[in-house]
Amino acid sequence: MTVTGHGTDAVRALGALRDERSSVRLSAALAIGSTPDQRFVGPLVERCAVEPEFLVRDMLTWALTRHPVADTLPLLLREVRSERAQARSQALHTLSKVGDPRAWPAITRALLTDADDEVARTAWRTAVVLVPEGEEAALAAVLVTQLGRGGQETQLSLSRALVDLGSTVVPALDTARRSPDPDVRAHALATERLRNDPDTGFAFALEEAKRVVALGGADSGEGGS
């Protein structure tokens, strides 16, 4: 599919974003991104909120990054407040790709602790990309409140975000290691293991941490150091 400046081509491309065939939607997003036009920004953002296929959503994000930030940023900032979880998640993902620091104030505690795991995971990744210099410790303090949350995939996402914050995360992890919740302590230990040895597999690190906690080690939640 090719999109030109003609109105009929634009209408056809926008219609193709809603085609029942994912291959057609993918081609439409590629064509739109290859020929940026302000008229496409709103429909691209709207489609991100409902598109069921991951590859198409990723192409929609790419198409948005091809447009001027002045056109995309206001709509993306609105979407992170949407009631639809996928809209929030995909807008956050796109903001991480755009990388504009003006989006940082929109990465709220509510998003970082969102009840939807996919939204929260995307918020963690986006926050690490956008966090201003000097704000890393404050971000880490919020992120550690999510330790022990969800399944292994969610926990790995959080650990990676914390590790990416560097040494500023150490005080927050030290506090988490003294939590009365054994799941929080184990997750904190596994994250510290990843920070010290990035080549360690997370599943192994987490199981080892759970064993240590079960045996009463790693500060045991009783205020040890």
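Note the angle between two axes, namely the Cα long axis of helix 54-65 and the longest principal axis of the Cα atoms of the chain, as a number of degrees from 0 to 90, rounded to the nearest 10. Roughly 70 degrees, rounded to the nearest 10. Across all directions, the average flat footprint of the convex hull enclosing the Cα atoms of the chain is 13.3 nm². Dividing the radius of gyration of the alpha carbons in region 133-225 by their Kirkwood radius gives 0.94 for Rg/Rh. Here the peptides 52-63, 84-95 are ranked by packing, the mean other Cβ count within 10 Å, and the order with the highest first is 84-95, 52-63.
Taking the Cβ-Cβ separation of V50 and A138 as r and a Förster radius of 41 Å, what is the calculated FRET efficiency to the nearest 0.05? It comes to 0.75. When the inverse distances between all different Cα atoms of region 1-102 are averaged and flipped, the Kirkwood radius reads 13.3 angstrom.
Ordering L75, L111, L143 by the number of other Cβ atoms within 10 Å of each residue's own Cβ, fewest first, gives L75, L111, L143.
Coordinate-derived values only; no laboratory data. A quick note: this is a predicted structure, and the numbers were derived from the prediction, not measured. A quick note on method: Cβ atoms are made from the backbone with ideal geometry, for glycine too, and the neighbour counts reach across all protein chains shown.
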